[in-house]
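Below: the structure, in structure tokens.
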Amino acid sequence: MSNPELLAQLRQLSHAEKVEVMQFLTAELAKEEGLKFLDNGVPYRAWSPYDYSEAAQKLMSLLEQEKTTENAKC
């Protein structure tokens, strides 16, 4: 099947089928590149700044230090 024929058939797919094709192609490319990809059925831990007031305070402190340093240079 030629590329134009394949593209014509892909255009006829439903939205859900197009998403499946994208997921398949992404997984195939990741395999070819030797990359690990996320599994939809597995929960992953993700860090969030929510409820990390210490991090916000540290960031503000660093920003204030930078501002003070910039003002001292002027």
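Laboratory data are not the source of any read-out in this text; all were calculated from the coordinates shown. None of the values given here were measured: they were computed from a predicted structure. Methodologically, a virtual Cβ is constructed for each residue, glycine included, from the backbone with ideal geometry; neighbour enumeration extends over all protein chains shown.
What's the angle, to the nearest 10 degrees (0 to 90), between helix 15-33's Cα axis and the longest principal axis of the chain?
For helix 15-33, the angle is close to 70 degrees.
Give me the lysines in straight-line cross-link reach of residue 67: C-alpha distance below 16 Å, same-chain residues under 8 apart excluded.
Candidates past the 8-residue exclusion: 58.
Could you tell me which chymotrypsin sites (Phe, Trp or Tyr not before Pro) in region 4-46 are loop residues by DSSP with no more than 13 other beta carbons within 10 angstrom of their beta carbon?
37, 44
Cα axis of helix 53-73 to longest principal axis of the chain: angle in degrees, 0 to 90, nearest 10?
Around 60 degrees separate the two axes.
Please list, or write none, the lysines whose alpha carbon is within less than 28 Å of the alpha carbon of residue 18, excluding same-chain residues fewer than 8 places away.
Residue 18 reaches 31, 36.
Please list, by residue number, everything in region 14-51 whose backbone N is under 14 Å from a paramagnetic label point 7 Å out along Cα→Cβ of residue 62.
Flagged as within label range: 49.
Filter the trypsin sites (Lys or Arg not before Pro) in the chain to those in DSSP coil with at most 10 other Cβ atoms within 10 Å of their Cβ, and list the result. Working shown, then result.
Numbers: sites: 11, 18, 31, 36, 45, 58, 67, 73; in loops: 36, 45.
Within the chain, the qualifying trypsin sites (Lys or Arg not before Pro) (loop, at most 10 other Cβ atoms within 10 Å) are 36, 45.
What does the helix-only formula give at 222 nm for the chain: each DSSP H stretch with n ≥ 4 adding -39500 (n - 2.57), the total divided by the residues, and the result rounded to the nearest 500 deg cm²/dmol? Walk me through the numbers on the way to the answer.
Working: 3 runs with 49 residues, N = 74.
One gets -22000 deg cm²/dmol as the mean residue ellipticity at 222 nm.
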